[in-house]
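Asks: Take this structure first; my questions come after.
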Amino acid sequence: MLLKLETKRLILQRFKKEDAIRIRDLANDKELADILGLPHPYELKDAEEWIAIHPEQIKNGIEYPLKITSKELSEVIGTITIRVDKRNNKGELGYWIGKEYWCNGFATEAVNKIIDFGFNQLKLNKICASATSRNIASTIVFEKVGLLKEGRLRQNRFLLDKYEDVAVYGLLREDYVKGY
């Protein structure tokens, strides 16, 4: 499967080994690590090991991790993925954008495109996403793209030495087709 998705300002496509340096640089941010639960410092070996497992995940149709590249800047600005639960025909999306690119609408644009990919190419019935309660920016993105809040999982993640609630969002194929 050719994995190159385009929007007005972005290209979403498979990672290459040489992208590890850029991912390390973007992910090695304390605030981002704290929000996502990434290791900090985020080292080159972390990025290399993560990228190395992608081909097998894509081949098996269980996960589609893609780099987000700004067309204008010609550089990777983040990552987005959809993890597929084949048994239940649903996908869970996840993403992050490098801190210097926040508040530019890139996340909304990328999430819209991965939802389109999930419903139209993967033929999923449902796409869901989650974010810790303090990750307000992601909850705003989810709502902008039409995901509905389905609930709150109390004390569901342990980050920064404390338990955090997680907001859960979802979108059904039938609602997507109708234009939610």
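Asks: Quick one: residue 93 ticks every box in (1) surrounded by fewer than 16 Cβ atoms within 10 Å (Cβ to Cβ); (2) touching a helix residue (DSSP H, G or I) at 6+ places or on another chain (Cβ under 9 Å) bar one, so which box is it?
Replies: The one condition residue 93 does not meet is (1).
Asks: I'm checking my understanding of the structure. Among residues of the stretch 124-154 that are small (Gly, Ala, Ser), under 13 Å from the mean Cα position of the chain (by Cα) and outside any helix (DSSP H, G or I), which one is nearest to residue 109 (Cα to Cα)?
Replies: Here the residue is 129.
Asks: I need every pair where a residue in the stretch 51-74 that is among the aromatic types (Phe, Trp, Tyr) has its Cβ under 9 Å from the Cβ of a residue that is at pLDDT below 95 and open to solvent by 70 Å² or more (accessible area, probe 1.4 Å), sequence separation at least 6 or different chains.
Replies: If the second residue must be at pLDDT below 95 and open to solvent by 70 Å² or more (accessible area, probe 1.4 Å), the pairs left are 64/1.
Asks: Does any residue of the stretch 87-97 turn out to be under 20 Å from residue 171 (Cβ atoms) and basic (Lys, Arg)?
Replies: yes
Asks: Checking the structure you have, find out if any residue of the stretch 37-50 is within 26 Å of residue 166 (Cα to Cα), of a type in the set (Ser, Thr, Tyr) and assigned to a helix (DSSP H, G or I). Give the steps one after another, and end with the answer.
Replies: Let us first name the residues in the stretch 37-50 that are within 26 Å of residue 166 (Cα to Cα), namely 37-42, 46-47, 50.
Next, from what is left, pick out any that are of a type in the set (Ser, Thr, Tyr): 42.
With assigned to a helix (DSSP H, G or I) added as a condition, the list becomes none.
No, that holds for no residue.
Asks: Looking at residue 123, is it out of contact with any strand residue (DSSP E or B) (no Cβ under 8 Å at 6 or more places or on another chain), exposed (fewer than 13 other Cβ atoms within 10 Å of the Cβ), closer than 18 Å to residue 3 by Cα and among the basic types (Lys, Arg)?
Replies: Working: out of contact with any strand residue (DSSP E or B) (no Cβ under 8 Å at 6 or more places or on another chain): yes; exposed (fewer than 13 other Cβ atoms within 10 Å of the Cβ): yes; closer than 18 Å to residue 3 by Cα: yes; among the basic types (Lys, Arg): yes.
The answer is yes for residue 123.
Asks: Test of understanding: among 37, 78, 118, 98, which residue is in contact (Cβ under 8 Å) with a residue 60 or more places away in the chain, surrounded by 15 or more Cβ atoms within 10 Å (Cβ to Cβ) and not aromatic (Phe, Trp, Tyr)?
Replies: Exactly one residue qualifies, and that residue is 98.
Asks: Let me spell it out: the conditions are (1) in contact with a Ser or Thr (Cβ under 9 Å, 6 or more places away or on another chain); (2) of a type outside the set (Ser, Thr, Tyr); (3) in contact (Cβ under 8 Å) with a residue 60 or more places away in the chain; (4) surrounded by 14 or more Cβ atoms within 10 Å (Cβ to Cβ), and residue 32 meets all of them except one. Which number is the exception?
Replies: That leaves (1) as the condition not met.
Asks: Let me ask something else. Scan the stretch 99-146 residue by residue and report those that are among the basic types (Lys, Arg) and modelled with pLDDT under 95.
Replies: Those that are among the basic types (Lys, Arg) and modelled with pLDDT under 95: 99, 134.
Asks: Can I ask one more? Give me the residue from the stretch 136-146 that is of a type outside the set (A, V, I, L, M) and surrounded by fewer than 19 Cβ atoms within 10 Å (Cβ to Cβ) and, out of that set, farthest from residue 96 (Cα to Cα). Before the answer, list the steps.
Replies: First, pick out the residues of the stretch 136-146 that are of a type outside the set (A, V, I, L, M): 138-139, 142-144, 146.
Next cut, surrounded by fewer than 19 Cβ atoms within 10 Å (Cβ to Cβ) only: 143-144, 146.
On the way: 143: 16, 144: 16, 146: 18 Å.
Per the criteria, the residue is 146.
Asks: Does residue 149 count as open to solvent by 70 Å² or more (accessible area, probe 1.4 Å), at negative phi and in contact with a strand residue (DSSP E or B) (Cβ under 6 Å, 6 or more places away or on another chain)?
Replies: yes
Asks: Could you tell me whether residue 83 is among the charged types (D, E, K, R), open to solvent by 30 Å² or more (accessible area, probe 1.4 Å) and within 15 Å of the chain's Cα centre (by Cα)?
Replies: When the stated conditions are applied, residue 83 passes them.
The values are calculated or read from the model by the stated rules, or taken from the named source; none is laboratory data. Quantities reported herein were computed from a predicted structural model and do not represent experimental measurements. No Cβ is skipped: glycine too gets one built from the backbone with ideal geometry, and neighbour counts run over all protein chains shown. Just the protein is used for accessible areas: all its heavy atoms, side chains included, with ligands, DNA and RNA removed. Shrake-Rupley method; radii C 1.70, N 1.55, O 1.52, S 1.80 Å.
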